[in-house]
Amino acid sequence: MTVQRIRDWLRGAPYLRKWVALAALIGVIGGLGAVLFSIGLDVATHLLLGVIAGFTPPTPFGEGGSPITGAARPWLIPLVVAGGGLIAGIIVVKFAPEAEGHGTDAAIAAFHHHPRRIRARIPLVKLVASAITIGSGGSGGREGPTAQISAGFGSFLARWLDLDARDARIAVAAGMGAGIGAIFRAPLGGAILGAEILYRDDVESDALVPSFIASIVAYSIFGAFLGFTPIFGQATAAFTDPRQLLYYALIGILAGAGGRVYIWVFATATARFKALRISPMLKPALAGLVVGGVGIVVPGVLGTGYGWVQVAMDRDLLGVPLWMILILPFAKILATSLTIGSGGSGGIFGPGMVIGGLLGASLWRILDGVAPLLPISPAPFVIVAMMALFGSIAHAPLAVMLMVAEMTGNLGMLAPAMIAVGLASVVVGERSIYASQLGNRAESPAHRFRFAEPLLAAVPVGDALRTTRSALRDTDDPRRWRALLAEAGVPGAPVIDRHGRLAGVVTVARLKAADEDTPTADLLEHWPTVDERDGLDVALDAFANHRVAWLPVVRDEALVGIVSARDVMSIYRRARDANVRRLRDLSDGTQVFEGLVADASPLAGRAVSEIRWPRDSILIAVRRDEELIMPRGALRLEVGDRVALLVSQASAAEARSFLSPTPSEVVAAATS
């Protein structure tokens, strides 16, 4: 099957059938990416911290369960962390500057603003840079790299298969869920996180089913290679006494306060490093030097820190000095903020849960022996505090609670966790650890035009299309391009190859700034495009996101024309006025008729725009396989579709005949 046939099949396939295929493919890459990163991180940790500094960080039960040990050459730790930061900084700056920082936030930004524009090299750069950063002792989480790997593949898939804007965003969200669900061995929580983490007060419901499919496939592949044991094993913790809810309420308040500190320190460190006037390559090295210095005194800040959470769940915690337990959460906040805020590569999700768990352990240690009804081990406090802190600052309470439950193999603490997460969310308020997170779907560029003007989504771009006056050819000399643009009096034009496919866009500004010997390929700009079958909401979304005045319009990769913002608004106003007139013409006795497109119906296979509908009627909905479809002009009806028409009383008989007619009546109505 050719790529074009796959694209055509995807455009016409029902929602579930389409996403079973796409999400499974995303899940395969997400799972393999998580396996590759996990192995790479283990190798980097062994070589950098283990061989050079003689330090082996403790690991959780599901990853070997190694204990806390000292460093053979602690004086080398700052140099190792700084060296890792320098190498990672050079890799990121040289090959993909947008891969710096925490990958989950970058994936959230891609979902909202440019789901098709995650460059193919970013996942590989992120994988290598993050493995070196964290493996050398930098404080970061594993979820950011894996989220960006699988989200990056979702973006590539959207470009390769020419998915529309809505499907491209779903692919990115499902990729995030797959990568995070796999690396944490938490498929349900990861899937929900992919839809929940995009907003502070909303959920991307369209992405839930694809995220479920992608996450379980990724988890299965990851587990087949590295095992299915929960990261922290089967933690022994239970909620048996309602009077203990007072403790969990206190944990919620403490976690919320700790979350606010984490947000503030991280944002401050990020801003300070951005303002620092030194090479971006050197910033992670400078931060690494400080983190390594802290790590000599508080080794728990080095790496992911998951092994310290494992220790904190057991009464063995009593063997760790109290001052170490009390200072460790705040040292981890500082180390993570320096590592990631300086441009180092890693995640902030994992450290957030580590910080929460250690705060819970600190509270248990303080209360042990002096407070009544205290759990016999710190595990319940650690589990609930992990859920409360990051669930509140990520505004993803449901996903984080489920993830921690899966990571600890324990569902028994969900009830008290609901109290803690609720109170922590109140304390945190609208603050978020993710700068790219938006309030709700109405604020997102992914939905803003659909929420504001539903008619935009119903009118295809093809209705506003106009032929370009000056399409250029990629075989022409740049001097000819300048002459043609000057003759046409336009600031830019699309460039096509010998097959009529869009090669890029060239602008007068780019031509003026370039040297005479600049290669033709370097003069081309890669602008966003819209398909002529997309709705006007997709075009306006591209205008708003990319700040351009016109867009190339394609069909099956071939350039068919251009569309400007003025064209879009003009055709929208005409469509709006026509609908208003038609609604005004309908009498008060309007009726809705619904009919089924049967096997023998000539409506099957015909585009909505090709059908001559009954007079004084408006097509208001098409339902296919329980999915409500926007009735755009390019939509082709299929056997089994249920079509709803709003008609005037005078046309009721004609509509009834049209929607449940004899074959001869359908032919006359549809073709006359």
Non-local residues with an amide H under 5 Å from the amide H of ILE231, with H modelled 1.01 Å from N and Pro and chain starts lacking one, are none
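Grab the other residues whose beta carbon is less than 12 angstrom from that of ALA486, score K and R as +1, D and E as -1, and report the net.
Working: positive: ARG479, ARG480, ARG482, LYS512; negative: GLU487.
Charge balance near ALA486 sits at +3.
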Protection proxy (average C-beta count within 10 Å per residue), highest first, orders 183-194, 495-506, 55-66 as 183-194, 55-66, 495-506
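Roughly speaking, to the nearest percent, how much of region 72-146's 1.4 Å accessible area is carbon and sulfur?
Working: 1730 of 2450 Å².
Answer for region 72-146: carbon and sulfur cover 71 percent of the accessible area.
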The ³J(HN,Hα) series, computed from each phi in region 609-619 with the Karplus coefficients 6.51, -1.76 and 1.60 at θ = phi - 60°, rounded to the nearest Hz and given as x for glycine or proline, is 6, 8, 8, 8, 6, x, 4, 6, 9, 10, 6
Which of [x] 108, 108, 64; [y] 92, 52, 46; [z] 88, 69, 41 gives Cα extents along the principal axes in Å as computed here? It is [z]
Cross-link reach from LYS283 to lysines, straight Cα distance under 23 Å and at least 8 residues apart if same chain, gives LYS94, LYS126, LYS274, LYS332
In whole percents, the bins of 5 Å from zero upward hold the Cα-Cα pairs of region 72-214 as 2, 12, 20, 21, 17, 12, 8, 5, 2, 1, 0, 0
The Cα radius of gyration of region 40-98, divided by 2.2 N^0.38 Å with N its residue count, comes to 1.31
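For region 316-414, what does the alpha-carbon gyration tensor say about shape, rounded, prolate or oblate, given a ≥ b ≥ c as the root eigenvalues, a/c under 1.5 as rounded, and a/b over b/c as prolate? Walk me through the intermediate numbers first.
Working: a/c = 2.49, a/b = 1.26, b/c = 1.98.
Because a/c hits 1.5 or more and a/b fails to exceed b/c, region 316-414 counts as oblate.
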Quick calc, the chain, dipole around Cα centre from Cβ unit charges on Lys, Arg (+) and Asp, Glu (-), nearest 20 debye, gives 1040 debye
Region 287-338 and region 165-187 have their Cα centres apart by a whole-number Å value of 30 Å
Any helix of the chain counts here only if DSSP assigns it H throughout, its Cα atoms span 18 Å or more along the axis, and its mean Kyte-Doolittle hydropathy is at least 1.6, and such helices are 77-95, 122-135, 208-226, 283-297, 322-341, 379-393, 414-428
When the charge dipole of the chain is computed with +1 at the Cβ of Lys and Arg and -1 at the Cβ of Asp and Glu, the Cα pointing farthest to the positive end, of PRO614, VAL568, THR45, is that of VAL568
Spelling it out for ALA13: with amide H atoms placed in the peptide plane at 1.01 Å from N, the residues 5 or more places away or on another chain with amide H under 5 Å from its amide H are none
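Would you mind calculating the relative contact order of the chain from Cα pairs under 8 angstrom and at least 6 residues apart, reporting the percent as a whole number?
Details: 1438 pairs, mean separation 90.8, N = 672.
It rounds to 14 percent for the chain.
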For ASP625 the rounded accessible area (nearest 10 Å², probe 1.4 Å, non-protein molecules ignored) is 110 Å²
Sorted by chain and number, the residues with a modelled amide H under 5 Å from that of ALA621, at a separation of 5 or more or across chains, are ALA644
Total charge of the residues flanking THR104 in space, meaning their Cβ is under 15 Å from its Cβ, with Lys and Arg +1 and Asp and Glu -1, is -3
The farthest towards the positive end of the charge dipole of the chain, of the residues PHE184, ALA598, SER436, given +1 on Cβ of Lys and Arg and -1 on Cβ of Asp and Glu, is SER436
Placing +1 on each Lys and Arg Cβ and -1 on each Asp and Glu Cβ in the chain, then taking the dipole about the Cα centre, the residue among ALA99, SER345, PRO478 whose Cα reaches farthest towards the positive end is PRO478
With every protein chain kept in place and a 1.4 Å probe, the residues PHE381, PHE239 fall, from largest accessible area down, as PHE239, PHE381
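The values are calculated or read from the model by the stated rules, or taken from the named source; none is laboratory data. In this text the structure is predicted, and so the values were computed from the model without any measurement. Cβ coordinates were reconstructed from backbone atoms using ideal geometry, including for glycine residues, and neighbour counts include every protein chain displayed. These accessible areas exclude ligands, DNA and RNA; they are computed on the full protein's heavy atoms, side chains included. Shrake-Rupley method; radii C 1.70, N 1.55, O 1.52, S 1.80 Å.
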